[in-house]
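Nothing in this text is a laboratory measurement; each read-out follows from the coordinates by a stated rule. Computed from a predicted structure; not experimentally measured. Neighbour counts are summed over all protein chains in view; Cβ atoms, including those assigned to glycine, are modelled from backbone coordinates with ideal geometry.
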Amino acid sequence: AQSVTQLDSQVPVFEEAPVELRCNYSSSVSVYLFWYVQYPNQGLQLLLKYLSGSTLVKGINGFEAEFNKSQTSFHLRKPSVHISDTAEYFCAVTPEGNTGNQFYFGTGTSLTVIP
Amino acid sequence: DTGVSQDPRHKITKRGQNVTFRCDPISEHNRLYWYRQTLGQGPEFLTYFQNEAQLEKSRLLSDRFSAERPKGSFSTLEIQRTEQGDSAMYLCASSFLGPGGFFGPGTRLTVL
């Protein structure tokens, strides 16, 4: 079975400051990893994903994440946040080689950018 | 193509009533997923279609829930005899081949 832990439920950060949103996972098999963003009253938008290759993954809106297999982590980072980054962020995994079945999501991290 | 669409966006119903939601995936996406999201939680998987075949169902999907994708295009999710615990956001996602779905805006269900 797979599970995802997002260690911080809320992260306040000042505008233009860097931010890191933490994600750890547990799985008995190798996994693919994802970060999604959800703005109020909207669906989820894919920020980035790790399937294979370089462990540093770059996504949209200036976000990046690094896969660390030994620490079973996939932390999301941005060097300088904007007000528009205020949203809920979800980390998710799905078993590697999976034919497209379910994703396992964390409980989310609410990022608030303070002007 | 403007992405995954869901209808209605909001639904308020009384306990015991039946409701049906519709999801239109991105054209040519053969995979379609339904998730449920309650306040303060991440989405929870409900069911998955590949083309018209329903290949996986979560234990969360009780007998009151049924989903169809009759022609491998749009999908419907029906909840019979709704309960207050069914109040949630119902999300649909679609993808083609590889993992990583595109999500719709969701249908927010409120059961009074």
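Quick notes
- Cα-Cα P(r), the range A:1-105, percent of pairs per 10 Å interval: 15, 50, 30, 6, 0
- 4 °C / 1.567 mPa s Stokes-Einstein diffusion coefficient of the protein assembly as shown, Kirkwood radius on C-alpha pairs, µm²/s: 72 µm²/s
- Unit charges at the beta carbon, dipole of the protein assembly as shown: most positive-side option, B:Ala88, A:Tyr104, B:Pro105: B:Ala88
- Across chain B, the longest piece that holds none of the GluC sites (Glu not before Pro) lying in DSSP loops with up to 13 other C-beta atoms within 10 Å covers B:29-82.
- Once you reduce the range A:48-115 and the range B:1-50 to the center of their Cα atoms, the two points are 23 Å from each other.
- Fully extended contour minus Cα-Cα distance, from A:Ala17 to A:Lys69, at 0.36 nm per residue: 16.0 nm
- Among A:34-45, A:19-30, B:10-21, the order from most to least packed when residues are scored by Cβ within 10 Å on average: A:34-45, A:19-30, B:10-21
- Dipole-positive endmost among A:Ala17, A:Leu44, A:Pro95 within chain A (Cβ charges, Cα centre): A:Pro95
- Each label was represented as a point 7 Å from its Cα along the Cα-to-Cβ direction; for A:Leu56 and B:Thr13 these points are 5.0 nm apart.
- Restricting attention to chain B, close to 90% of DSSP beta bridges with both partner residues there are antiparallel.
- Net charge contributed by nearby residues that have their C-beta within less than 12 Å of B:Pro8 (K/R +1, D/E -1): +3
- When only alpha carbons of chain B are considered, Rg and Dmax amount to 13.1, 39 Å.
- Reachable lysines, given that their alpha-carbon falls under 24 Å from the alpha-carbon of B:Lys71 and they are not under 8 places away in the same chain: B:Lys57
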